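These notes are about the structure you will find just below.
The values are calculated or read from the model by the stated rules, or taken from the named source; none is laboratory data. None of the values given here were measured: they were computed from a predicted structure. Counting neighbours? That spans all protein chains shown, and the Cβs are built from the backbone with ideal geometry, glycine included. What goes into the accessible areas is simple: the full protein's heavy atoms, side chains included, and nothing from ligands, DNA or RNA. Shrake-Rupley method; radii C 1.70, N 1.55, O 1.52, S 1.80 Å.
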Amino acid sequence: MKTACILMASGLSRRFGADKLMADFGGEPLIARAVKATDGLFDVRIVITRSAAAASWAKARGLAVLFHAEPDRADAIRLGLALTDTADGVLFCPCDQPLLRKETVAALRDGFAAAPQCIWRPVFDGVPGAPVLFPRWTYPELAALQKGGGRAVIERHPGSVRTVLAKSAAELADADTPEALAALAQMLKTR
């Protein structure tokens, strides 16, 4: 079974006030954390980004990159699907969850291997999060999105959703502001 990973690095960083993908987190750019959490787990990995700095950083590390200027997350999803449409499942992984564990990503992939008809996502204390691994049958719905992310597809098919347990709420937390990034960096130090 072939699986792909789209590293979603296309946010506009409005709340962050700068290119958050290149913000320092534990001595490396924030994007590096998602790259490490997905390393070696998928047949194909592609960084989808609007950030020239993130594109350059990813290319320098041998990652496939699609640099674009489309306005919405749905556009990045559509672009990613066009590049991975032969995969049986695609994980859409945000690049702003610096405490995401490789073990959680591997559990999503392994869950999909056991039940490839299901949508797989992590959950902690009953609260679902990202990344999400979508099976092939969802691709037409994902490609038809006009705005936003895959949540609409998930909400249309609640009976198809399966979850894996994340280790903590922090693992699923986004670094949308400098303050949030600093708080997550503090958690990293206390691990």
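Name the residue that is farthest from F25 (Cα to Cα), counting only residues in the stretch 95-108 that are open to solvent by 10 Å² or more (accessible area, probe 1.4 Å) and in a helix (DSSP H, G or I).
The extreme case among them is A107.
Is it fair to say K147 is basic (K, R), in contact with a Ser or Thr (Cβ under 8 Å, 6 or more places away or on another chain), farther than 20 Å from I46 by Cα and in contact (Cβ under 8 Å) with a residue 60 or more places away in the chain?
Here the answer is no, as K147 does not meet what is asked.
Which members of the stretch 54-94 meet the condition of being at pLDDT 95 or above and either in a loop (DSSP other than H, G, I, E, B) or at positive phi (or both)?
Listed by number, the residues that qualify are R61, G62, L63, A87, D88.
Among the numbered criteria (1) at pLDDT 95 or above; (2) more than 23 Å from R151 (Cα to Cα), which one does D19 miss?
Answer for D19: the failing condition is (1).
What is the one condition in (1) at pLDDT below 90; (2) open to solvent by less than 60 Å² (accessible area, probe 1.4 Å); (3) outside any helix (DSSP H, G or I) that K147 does not satisfy?
Checking K147 against (1) at pLDDT below 90; (2) open to solvent by less than 60 Å² (accessible area, probe 1.4 Å); (3) outside any helix (DSSP H, G or I), the one that fails is (2).
Could you tell me how many of the residues in the stretch 150-168 are open to solvent by less than 60 Å² (accessible area, probe 1.4 Å) and in contact (Cβ under 8 Å) with a residue 40 or more places away in the chain?
The number of residues fulfilling the criteria is 6.
From the residues in the stretch 175-191 that are closer than 21 Å to M8 by Cα and touching a helix residue (DSSP H, G or I) at 6+ places or on another chain (Cβ under 9 Å), which one is most open to solvent (accessible area, probe 1.4 Å)?
Checking each candidate, the answer is P178.
Could you tell me whether A32 is closer than 23 Å to L108 by Cβ and outside any loop (DSSP other than H, G, I, E, B)?
So A32 fits the description; yes.
From (1) touching a strand residue (DSSP E or B) at 6+ places or on another chain (Cβ under 7 Å); (2) in a loop (DSSP other than H, G, I, E, B), pick out the condition that doesn't hold for A175.
If we test A175 against (1) touching a strand residue (DSSP E or B) at 6+ places or on another chain (Cβ under 7 Å); (2) in a loop (DSSP other than H, G, I, E, B), just (1) comes out false.
Every residue, every condition in (1) within 23 Å of A32 (Cα to Cα); (2) outside any helix (DSSP H, G or I); (3) modelled with pLDDT of 95 or more, yes or no:
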{"position": "G111", "(1), (2), (3)": "no, no, yes"}
{"position": "A130", "(1), (2), (3)": "yes, yes, yes"}
{"position": "W137", "(1), (2), (3)": "no, no, yes"}
{"position": "I154", "(1), (2), (3)": "no, no, yes"}
{"position": "R191", "(1), (2), (3)": "yes, yes, no"}
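Taking the conditions exactly as written (of a type outside the set (A, V, I, L, M, F, W, C), open to solvent by less than 20 Å² (accessible area, probe 1.4 Å) and under 25 Å from T163 (Cβ atoms)), does T38 satisfy them or not?
yes
Being open to solvent by less than 20 Å² (accessible area, probe 1.4 Å) and over 21 Å from D72 (Cβ atoms) is the filter here; which residues of the stretch 120-144 pass it?
P122, L133, P135
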